[in-house]
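Data block below; observations after.
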Amino acid sequence: MYLDRFIKVAAWLSLCAIIFVTISPIGLRPRDVLPVDADRALSFTVVAMLFVTAYPKRFWLCALLLICGAAAMELLQLLSHTRHARLQDASVKAIGAAVGVCVGYGINKARQIVKEARLDT
């Protein structure tokens, strides 16, 4: 129960962080050691995994919103004069989200198997 609540909070906080980093001026973007495309893909993989894990009954809605949301967030960069929206960036984010959706689906299946095994004993 507490784990489920933690995952939901982590999902929403991660999404807020991604939105902030995506639309904030380039000078506020955090620096890390990963290549930019890997950073984009990994962050969307994590947020998608968290949302699908947090809302297993809403799998398809999460998948659709996160994959399409990657493109929408890229378009939000048009609001900042220091940023630019690029199709390649949106594609990398959408692929990362798709991977995260698949990982989250696998986690949900594993959790379901464990739960059923506990009920059988």
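The values are calculated or read from the model by the stated rules, or taken from the named source; none is laboratory data. Every value quoted in this text rests on a predicted model; they were computed, and no experiment measured them. Here the Cβ is made from the backbone with ideal geometry for all residues, glycine too, and neighbour counts use every protein chain on show.
Can you find a residue that is in a helix (DSSP H, G or I) and more than 21 Å from ARG29 (Cβ to Cβ) anywhere in segment 82-99? Looking through segment 82-99, at least one residue is in a helix (DSSP H, G or I) and more than 21 Å from ARG29 (Cβ to Cβ). Residues of segment 99-112 that are surrounded by fewer than 17 Cβ atoms within 10 Å (Cβ to Cβ) and either among the small types (Gly, Ala, Ser) or touching a Cys at 6+ places or on another chain (Cβ under 9 Å) (or both): GLY106, ALA110. Of the residues making up segment 59-97, just one is aromatic (Phe, Trp, Tyr) and surrounded by 15 or more Cβ atoms within 10 Å (Cβ to Cβ), namely PHE59.
With respect to the stated conditions, LEU65 fails to be among the aliphatic types (A, V, I, L, M) and at pLDDT below 90. When each of ALA72, ALA90, ALA17, ALA54 is tested for being under 24 Å from LYS109 (Cα atoms) and at pLDDT 85 or above, the lone residue that passes is ALA54.
Within segment 10-58, being surrounded by 16 or more Cβ atoms within 10 Å (Cβ to Cβ), among the aromatic types (Phe, Trp, Tyr) and either part of a helix (DSSP H, G or I) or without any contact (Cβ under 8 Å) to a residue 12 or more places away in the chain (or both) holds for PHE44, PHE51.
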